[in-house]
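Below you'll find the structure, written out as structure tokens, and then a few comments.
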Amino acid sequence: MSLPLFRLIASMSMGLAPSNPDFVMDIDTLGTTSFNLRIGTTGAIPNTGTVYWGDGTSDLCSSFAGTGITHVYPSAGVYEVTIEGQFQGINYSGAGDASKLVELKQWGSSLFETMQFQLTTNLSITATDILNTTNITSFASSFASSGVTTIPNINQWDWSNITSCLAMFKFHSIDTLDLSGIDLSSCTNFGIGSTSGMFRGAIGTNINVSNWTLNSSSNITMAGMFRDTGTNKITGLSTWNIEKVTTFTSFLQNAKLSNSEYDALLIAWDSQDAVDSLTPNFGTSQYTLGGSAAAARANLISTDLWTITDGGGI
């Protein structure tokens, strides 16, 4: 059987992709012959890599402008785009051909400074290697309104330099997201205002946030963090040290923890030196009457002067 034209060109060209590229993804030109690839261009580390387009041609990353490079293919279809060497990361933040990204197969070892996959509505991530986050300081809106449902090994990424997670998974249809045990000791922004929360509108079967290391020296904002996430989606909040959190406004608005999760949260948070006069919104979560959870909730109100919104006792 003869090779398709773009495979034949690739096999004959000096633009043949390397056998072990740093970054690999499939793109679908979706009925057109062009694709706009956007990589970061304003960071501290120069772009010195090479993009192999999957049709036998290539471009140096150093030639990219802020608006990306539009590559014209010989025909419409699915192509494997690979990047060898250093580039600053992917930067789809509401512009470019974000919907044409269909599979991210390998992160590679390039030092990303930007990671924006906003509006990548058709993207799946199958890469199991670990993203190099050494030079990333913000995950704000990184996967907002994307189609990504799972991110393999995301809890093995190094999160210790991240200072902002605003809207990271906003309006994101998550199936399973295991974020247990991550180090967020530099992060102070999980939600500023009720609409910019890290998981605002992220609907999924399970979001595990247990055993986070939170900032112990700076004030932390969590406004709207889990707003509109639905019922029984969040686990692990009782394992957090929330002593530096200064706002829980709209924290779980239009959402609900399971009864056992909410009981555990109230007991654990009451045992800490919480900031006074907060107004946490726990959505319609309900606590158990007549026990330790009810006593903890009452103490948060009377001693810490919290104004709590929830679904009441059962």
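The values are calculated or read from the model by the stated rules, or taken from the named source; none is laboratory data. As the structure is a prediction and not an experimental result, all values here were calculated from the model. Every residue, glycine among them, receives a Cβ derived from its backbone with ideal geometry; neighbour counts consider all protein chains shown.
Conditions first: (1) under 20 Å from Asp158 (Cβ atoms); (2) at pLDDT below 95; (3) surrounded by 22 or more Cβ atoms within 10 Å (Cβ to Cβ). Asn208 passes all but one, so which condition is the exception?
The failed condition is (3).
Got a sec? Which of Ser217, Ser180, Ser194, Ser238 is under 15 Å from the mean Cα position of the chain (by Cα), of a type in the set (Ser, Thr, Tyr) and either assigned to a loop (DSSP other than H, G, I, E, B) or surrounded by fewer than 21 Cβ atoms within 10 Å (Cβ to Cβ) (or both)?
Exactly one of Ser217, Ser180, Ser194, Ser238 is under 15 Å from the mean Cα position of the chain (by Cα), of a type in the set (Ser, Thr, Tyr) and either assigned to a loop (DSSP other than H, G, I, E, B) or surrounded by fewer than 21 Cβ atoms within 10 Å (Cβ to Cβ) (or both), namely Ser180.
Give the residue that is surrounded by the most Cβ atoms within 10 Å (Cβ to Cβ), with candidates limited to residues of region 289-309 that are within 33 Å of the chain's Cα centre (by Cα) and farther than 22 Å from Gly224 by Cβ.
Ala293
Please work out which one of (1) under 28 Å from Val148 (Cα atoms); (2) in contact with a Leu (Cβ under 7 Å, 6 or more places away or on another chain); (3) not β-branched (Val, Ile, Thr) is the condition Asn211 fails and give its number.
Condition (2) is where Asn211 drops out.
Kindly check whether there is at least one residue in region 78-88 that is over 21 Å from Ile130 (Cα atoms) and either surrounded by 21 or more Cβ atoms within 10 Å (Cβ to Cβ) or in contact (Cβ under 8 Å) with a residue 40 or more places away in the chain (or both).
Yes - at least one qualifying residue is present in region 78-88.
I'd like the full set of residues that are over 20 Å from Gly191 (Cβ atoms) and outside any loop (DSSP other than H, G, I, E, B), limited to region 116-154.
Ser124, Ile125
Which condition number in (1) buried (at least 18 other Cβ atoms within 10 Å of the Cβ); (2) free of Cβ contacts under 8 Å to residues at least 24 places away in the same chain is the one that Thr41 fails?
All conditions pass for Thr41, except number (2).
Filter region 109-129 down to the residues that are of a type in the set (A, V, I, L, M), out of contact with any Phe, Trp or Tyr (no Cβ under 6 Å at 6 or more places or on another chain) and more than 22 Å from Pro46 (Cα to Cα) and list them by number.
Leu119, Leu123, Ile125
Exactly one of (1) surrounded by 16 or more Cβ atoms within 10 Å (Cβ to Cβ); (2) not in a loop (DSSP other than H, G, I, E, B); (3) not hydrophobic (A, V, I, L, M, F, W, C) is unmet by Thr70. Its number?
For Thr70, the failing item is (1).
Can we say Thr239 is in contact with a strand residue (DSSP E or B) (Cβ under 8 Å, 6 or more places away or on another chain) and in contact (Cβ under 8 Å) with a residue 12 or more places away in the chain?
It is false that Thr239 is in contact with a strand residue (DSSP E or B) (Cβ under 8 Å, 6 or more places away or on another chain) and in contact (Cβ under 8 Å) with a residue 12 or more places away in the chain.
Taking only region 8-56 into account, find how many residues are over 25 Å from Thr137 (Cα atoms), acidic (Asp, Glu) and either modelled with pLDDT under 95 or in a strand (DSSP E or B) (or both).
Summing the residues that are over 25 Å from Thr137 (Cα atoms), acidic (Asp, Glu) and either modelled with pLDDT under 95 or in a strand (DSSP E or B) (or both) in region 8-56 gives 2.
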